[in-house]
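Each remark here refers to the structure printed beneath this line.
The values are calculated or read from the model by the stated rules, or taken from the named source; none is laboratory data. These numbers were taken from a predicted model, which means no experiment stands behind them. Every residue, glycine among them, receives a Cβ derived from its backbone with ideal geometry; neighbour counts consider all protein chains shown. Side chains included, ligands, DNA and RNA excluded: accessible areas come from the protein's heavy atoms. Shrake-Rupley method; radii C 1.70, N 1.55, O 1.52, S 1.80 Å.
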Amino acid sequence: MSFLGIDTSNYTTSAAVYRADGTGHNEGRLLTVKEGELGLRQSDALFQHVKRLPERFSALKESGWLTDLEAVGASTRPRPVEGSYMPCFLAGASQGQVLADTLGVPFFAFSHQEGHIAAAVWSAGRMELLESPMLAWHLSGGTTELLLVEPKGVSVTAKIIGGTSDISAGQLIDRTGQKLRLAFPAGKAIDALAQQSTSQERFRVKLDGFRFSLSGMENKTAQMIEKGIAPEDVAAFALNTLGSAIRRATDTALKEYPGLPVLCSGGVASNSQLRKIMRDAVFAEPQFSTDNAMGIAILTARMYGTL
């Protein structure tokens, strides 16, 4: 038995298949952002998803994964809370519903955030984490949230207890990358640059409980670039500061929620420096840290199992 998952986030078109034997395969492609720009309008993202989803399905078919489908699932909103909405998810949700109706199989809707968490625990070989409470970081271009995650049926509920109060970790990285004339999204390039640096310099961001602000860091990296600081040292400074803030917020949260495992998901969680700083946390494999549909396919299989 196979289960198809679709995810059309703000920057990635992806489709994945999860099989009853626990194996899976994701086909994803980044959306095109014009050089020098820091993102896409929702209408442009939606248009690109509609064009590219057939390519993702074709790739799954050509690699032998698109067979024996028992159910289809899609991410239909950013977070599993009332009022959470983003137009780009309409592409995957609508095509998923049509495909399910055509095949005569069930269709299940989940949130993008639920998919991230499920993909992370699956790729880390820790599926049991979906069955008990945990702390989870959702670190991406638009989100830096510390979540208290608890099981709910086949999926989870996620309550925001901390994170950034302004710009996200991904925004800090991408805006630093733009100033360094790196292509968007800049995560991989900033990571590679930072690995060339031996600098341990960082700024001690002030914590407010489990929350912190990163907007001041954007100004500091801009000032470093204006002063002619080496690009690799600027990149290291940004990542060292970010990692330190996440580490300290996590340690503070664990005092209130002792003994809970910590999961790191989202595109920023693929960063090598963060993985060193948070080495006791559970991380997804890098290819399943970024936006992908694997978690949606997994949750679809779990939901189908309850029918």
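Here Glu150 passes the criteria (1) crowded, with 17+ Cβ neighbours inside 10 Å; (2) more than 15 Å from the chain's Cα centre (by Cα); (3) of a type outside the set (A, V, I, L, M) except the one numbered (1). Considering the range 21-51, the residues that are out of contact with any Ser or Thr (no Cβ under 7 Å at 6 or more places or on another chain), part of a helix (DSSP H, G or I) and not aromatic (Phe, Trp, Tyr) include one that is least open to solvent (accessible area, probe 1.4 Å), namely Ala45.
For the range 174-187: of the residues being over 13 Å from Phe237 (Cα atoms) and free of Cβ contacts under 8 Å to residues at least 24 places away in the same chain, which is nearest to the chain's Cα centre (by Cα)? Steps first, please.
Pass one, the range 174-187, residues over 13 Å from Phe237 (Cα atoms): 174-175, 178-187.
From what's left, free of Cβ contacts under 8 Å to residues at least 24 places away in the same chain: 181-182, 186.
Values: Arg181: 24, Leu182: 21, Ala186: 15 Å.
Among those residues, the one meeting the criterion is Ala186.
Scanning the range 129-142 for residues that are farther than 16 Å from Ile298 by Cβ and open to solvent by less than 30 Å² (accessible area, probe 1.4 Å), we see that the one that is modelled with the lowest pLDDT is Ser140.
Residues checked against (1) under 26 Å from Ser199 (Cα atoms); (2) part of a helix (DSSP H, G or I):
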position: Ala236; (1), (2): yes, yes
position: Arg248; (1), (2): yes, yes
position: Asp251; (1), (2): yes, yes
position: Val268; (1), (2): yes, yes
position: Gln273; (1), (2): yes, yes
position: Arg279; (1), (2): yes, no
position: Ile296; (1), (2): no, yes
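Scanning the range 192-226 for residues that are touching a residue at least 24 places away in the same chain (Cβ under 8 Å), over 30 Å from Lys255 (Cβ atoms), part of a helix (DSSP H, G or I) and open to solvent by less than 40 Å² (accessible area, probe 1.4 Å) yields a count of 3.
Go over the candidates Glu114, Glu128 one by one and state the one that is charged (D, E, K, R), out of contact with any strand residue (DSSP E or B) (no Cβ under 8 Å at 6 or more places or on another chain) and part of a helix (DSSP H, G or I). Please lay out each step first, then the result.
On the way: Glu114 fails: out of contact with any strand residue (DSSP E or B) (no Cβ under 8 Å at 6 or more places or on another chain).
Within the list Glu114, Glu128, the selection yields Glu128.
Has the range 165-186 got at least one residue that is open to solvent by less than 40 Å² (accessible area, probe 1.4 Å), charged (D, E, K, R), within 27 Å of Thr12 (Cβ to Cβ) and touching a helix residue (DSSP H, G or I) at 6+ places or on another chain (Cβ under 6 Å)? Within the range 165-186 (the criterion being open to solvent by less than 40 Å² (accessible area, probe 1.4 Å), charged (D, E, K, R), within 27 Å of Thr12 (Cβ to Cβ) and touching a helix residue (DSSP H, G or I) at 6+ places or on another chain (Cβ under 6 Å)), the answer is no, since none of the residues qualifies.
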